[in-house]
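One structure below.
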Amino acid sequence: MSKVDTAWLRMDNPGNLMQIIGVWQLVPGVKYAAVCERIENTLVRYDRFRQCAVQDATGASWVADRHFNLARHVVREKLPACAPGAEELALQARVAELASQPLDRSRPLWQFHLIEHYTSLDGVRGSAMILRIHHCIADGIALIGVIMAMVDGGAPPPMPGEPGAAAAPQDMQAWMVGSVLTPLTHLAVRALGALGDGAARSLGQLNQPGGGLGLERSLAAGVKGSLDMARLLLQVAGDSAALALMLDDSATRLKGKSCGIKKVAWCQPVPLDEVKAVGKALGCSLNDVLLGCLAGALGEYLKSHGDDVAGQDIRAMVPVNLRPAEASPTLGNHFGLAPLLLPIGIDNPVERAYEVRRRMAALKGSTQPLLAFGLLAVAGLLPKSGQDAMLDIFSKKTTAVMTNVPGPREKLRFCGATLEQTMFWVPQSGDVGLGVSIFSYGGGVQFGVITDSALCPEPQRIVDEFMPEFARLSMVTLMLPWDNA
């Protein structure tokens, strides 16, 4: 097991389990036998989903489960009897309950829970499925590829040794090259490329008549390359200092000691075209609009409890994919974390969206995600007590873990049913008690939160503020003097 994946395996604690948890709503309903057959022909063809994670004094290894039984991993469930229209609350309660239950460490670390008969909030009958996968198996980007292999018409899972298959165990030298040296090299590629071009031009121009002018030009190109390298090194140094000197986060009621009992809530999808229209009018990205609304919803939630949020920010850690663009995602974890300060204290929705845009632009090109990845790799080498101490420092500086993922534009199908809605959350480490997920799928954007009940016992109140915040932003945008733009 890679050192980063080992760090995720050992990161479980009573307050936060390192499970990626998701929920699907399917129409019409699906049958247990059909789901088992689909999973057997897709998911379990990935070695990782038939292997146990075994720890020892030197780290952890993947070991085949010789007694693998699919029935232990795909289980049939029924929601408790409830009044019409209340099944969504029962589903949310069950998702929260499972988020608080550890997976069986003696088995492969995943489990799906099928509710064959489920009626959605708008009265449509179908099925629901809750998915739990330990983060040591893969990150969200890799799991999207796994999910796309499970749906109707999806690409077949890779065979062992093909791109996307689980990687073979690494020795220390291979890990150093793949996880440390190669990513650090990517940081220097731009600067070294500029310097190399300058050197190549120098050699060519020195062989031409009038080489004096060519030499001057080559020296200028070399100086430019050196300056690019210097800027990159300064950026790495500055980003390292920013991580090391990061202040503790604002002391709101959303921070504190987690108890491990989870609560979950989500909203109905917001039309994606409406969000895009507001973003286009304001000159903001889709992310700027959505994160601005999230900051507003969190601010309103805190104000509803009598808290003064004027001028305050809260920090959310945002996962950043570190895979090369041309590479096929492989299982395992290959992402870093970028700290984003959400301006919860700005009341004007347009001003808030522009402030988010400014802060997002400042994060672009930052080396902080790679540095965070490196820290996780180092954590995987330390004794667990050392890893816990390192991660506790970062949990004090963070209120939330937030993911914002663009999904397929068209709705997917699974075992003949339409996947109408989907929502998922990545885990929070240490005592971080708030997880936020924004997921665009099938023409809509869905917003959901998972919270620790000791820090936020009513996450629905945060969710209920999201749509009004978007409505406020839309209304103010319509009222702006566009004739004088």
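A compact table of results
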{"read-out": "Separation of the E37 and D56 label points, Cα + 7 Å toward Cβ, nm", "value": "4.1 nm"}
{"read-out": "Computed over the range 1-124, Cα set: Rg, Dmax in Å", "value": "16.8, 54"}
{"read-out": "Nitroxide proxy distance, nm - points 7 Å out along Cα→Cβ at K396 and M479", "value": "4.4 nm"}
{"read-out": "Extended-chain gain in nm, criterion 0.36 nm per residue less alpha-carbon gap, H305 and R359", "value": "16.7 nm"}
{"read-out": "Theoretical gain in end-to-end length, E274 to L121 [0.36 nm per residue, Cα-Cα removed]", "value": "52.9 nm"}
{"read-out": "Label-reachable residues, the range 29-44, where backbone N falls under 14 Å from a point 7 Å from S106's Cα toward its Cβ", "value": "none"}
{"read-out": "5 angstrom amide H check on A338, placed H, neighbours 5+ away", "value": "V318, V320"}
{"read-out": "Anchor K257: lysines whose Cα lies under 23 Å away (excluding residues fewer than 8 positions away in-chain)", "value": "K303, K384, K396, K397"}
{"read-out": "Under-5 Å amide H pairs with Q51, H placed in peptide plane, nonlocal only", "value": "D65"}
{"read-out": "Segment F68-D464, length gained on full extension (0.36 nm per residue, minus Cα span)", "value": "138.3 nm"}
{"read-out": "Using a Förster distance of 30 Å, the FRET efficiency for R76-R323 (Cβ separation, nearest 0.05)", "value": "0.25"}
{"read-out": "Which of R94, R105 has the fewest Cβ neighbours within 10 Å, and the rest in rising order", "value": "R105, R94"}
{"read-out": "M423 long-range amide H proximity, modeled H, under 5 Å", "value": "V23"}
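Computed from the coordinates by the stated procedures, all read-outs in this text should not be read as laboratory data. Everything numeric in this text was worked out from a predicted model, so none of it was measured. Neighbour counts are summed over all protein chains in view; Cβ atoms, including those assigned to glycine, are modelled from backbone coordinates with ideal geometry.
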